Structures are given as C-alpha cells and as structure tokens.
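S.K.: Can you keep this structure in mind? I'll have questions shortly.
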Amino acid sequence: MPATGFERWGIQMAKKNKKTAYVRCRGGSISCTYGCLGCGLCVEACRLGAISIGDNGAAVVDSGKCVGCGLCAGACPQSIIDIIDAGFNIQPACSNKDAGKAAREACVNSCIACRLCEKNCPADAVHVVDNRAVIDPEKCICCGMCAIKCPRGVIRDLHGIMTD
C-alpha cells in the first residue's frame, strides 16, 4: 500500500478506535435489582436500530450497527450500558453487587465474587469491586484467562473465540 503524504515524512496519523455499546447484563432474572429491566428505553433511544431486547429479557447490542454514540447508555435507567473500544473484547457481563449466595439466588448469570478471574489474570487487570469483576482496559492484554477461569461464564470474549 503506498504511503500517504504524512507517512512519507514519518508522521503517523492517529487511528480512531471504533466504539460500541456494551450491556453489563446477560439477563436471566428480574429478581436482580442491578440488571437489565428489559424496559426498552435503550432500544427507543438508538437511532440506528443497533440495540434490541433479546430472548433472555436483556438488551443486546449489534456491534456491526452500533457507532458508540451513547444514546442508549444515557437512556438506561440502570446505568449498565457502557461505551467501549470495540477491540476490547474481554468484558464482564454482570452488574450485580450482591455477594455469593445472594448473587446466585438473584440470577443464574451473576458474578459470585469468587476472585478466580483476579487470581488468574497475568496482567493484574481484573479486580473484584463491589462483589463483581471489573477489568482495567489500560492493563488488560485480552488474553482471555479470566474468561476461561470464570466458573459462571460472567466474563465473556465478545468475539466468541474463548467462550460461548
């Protein structure tokens, strides 16, 4: 590929990272007070039809359509939709702040704060905060070890390479 005018002089143009919305809930239970309500406000807010309510009752983002504008995130009454770098594919899909047994009873898809993700992260990028896994994108190397070790399938590889 031929160099552009700027590249001929050794100047690298910054590449804009594609952004996308990400829902920190896989659904599965209306008894979880922290998860997606399935209310559809995010769906109504999206002008591109990139978000819908899935079979599990939670919002689902079509990252192929999403441009990361943030309208859905602003409309979410639970504040569980984040705008992330689309290339950052390892994400926890739980917003529940309850611990262990209470989390298990609230939802089959909830983090139980077992810390296996934290213990197995070679980059020290995963920490359990408020009884749920949180990943620091500045430290994460996207190796997927946390996703592989998570016994509840809470941490997901969004491209489906390492997890379902």
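S.K.: Considering only residues that are in a loop (DSSP other than H, G, I, E, B) and surrounded by 17 or more Cβ atoms within 10 Å (Cβ to Cβ), look in the stretch 39-62 and name the one that is modelled with the lowest pLDDT.
M.R.: Step one: of the stretch 39-62, the residues in a loop (DSSP other than H, G, I, E, B) are 39-40, 46-50, 54-58, 62.
With the extra rule that they be surrounded by 17 or more Cβ atoms within 10 Å (Cβ to Cβ), the set shrinks to 46, 50, 58.
Values: Cys46: 97, Ala50: 97, Ala58: 92.
The qualifying residue modelled with the lowest pLDDT is Ala58.
S.K.: Search the stretch 97-108 for residues being part of a loop (DSSP other than H, G, I, E, B) and of a type in the set (A, V, I, L, M), and hand back the single one that is nearest to Cys150 (Cα to Cα). Give the derivation first.
M.R.: Within the stretch 97-108, the first condition is being part of a loop (DSSP other than H, G, I, E, B), and the residues that meet it are 97-99, 107-108.
So of that shortlist, the ones also of a type in the set (A, V, I, L, M) come out as 99, 108.
Values: Ala99: 15, Val108: 13 Å.
Among residues in the stretch 97-108 that are part of a loop (DSSP other than H, G, I, E, B) and of a type in the set (A, V, I, L, M), the one nearest to Cys150 (Cα to Cα) is Val108.
S.K.: Right, Ala102: farther than 22 Å from Ala21 by Cβ and outside the structural domain of Arg26 (by TED's automatic domain parsing) or not? If you could, list the steps in order and put the result at the bottom.
M.R.: Working: farther than 22 Å from Ala21 by Cβ: yes; outside the structural domain of Arg26 (by TED's automatic domain parsing): yes.
Answer is yes for this residue.
S.K.: Checking the structure you have, find out if any residue of the stretch 67-86 is surrounded by 15 or more Cβ atoms within 10 Å (Cβ to Cβ) and touching a His at 6+ places or on another chain (Cβ under 9 Å).
M.R.: Scanning the stretch 67-86, I find no residue that is surrounded by 15 or more Cβ atoms within 10 Å (Cβ to Cβ) and touching a His at 6+ places or on another chain (Cβ under 9 Å), so the answer is no.
S.K.: Looking at the structure I just gave you, is Cys94 touching a Pro at 6+ places or on another chain (Cβ under 8 Å) and either assigned by TED's automatic domain parsing to the domain that holds Val23 or in a loop (DSSP other than H, G, I, E, B) (or both)?
M.R.: Working: touching a Pro at 6+ places or on another chain (Cβ under 8 Å): no; either assigned by TED's automatic domain parsing to the domain that holds Val23 or in a loop (DSSP other than H, G, I, E, B) (or both): yes.
No; evaluated as a whole, the condition is false for this residue.
S.K.: Oh, and also: Suppose the filter is free of Cβ contacts under 8 Å to residues at least 40 places away in the same chain, part of a loop (DSSP other than H, G, I, E, B) and closer than 26 Å to Leu41 by Cβ; does Ser79 pass it?
M.R.: On the way: free of Cβ contacts under 8 Å to residues at least 40 places away in the same chain: yes; part of a loop (DSSP other than H, G, I, E, B): yes; closer than 26 Å to Leu41 by Cβ: yes.
When the stated conditions are applied, Ser79 passes them.
S.K.: Among (1) more than 22 Å from Cys36 (Cβ to Cβ); (2) surrounded by 15 or more Cβ atoms within 10 Å (Cβ to Cβ); (3) touching a residue at least 24 places away in the same chain (Cβ under 8 Å), which single condition is Ala125 missing?
M.R.: (3)
The values are calculated or read from the model by the stated rules, or taken from the named source; none is laboratory data. Everything numeric here is computed off the predicted structure, so don't read it as measured data. All Cβ positions, glycine included, derive from the backbone under ideal geometry; neighbour counts span all protein chains shown.
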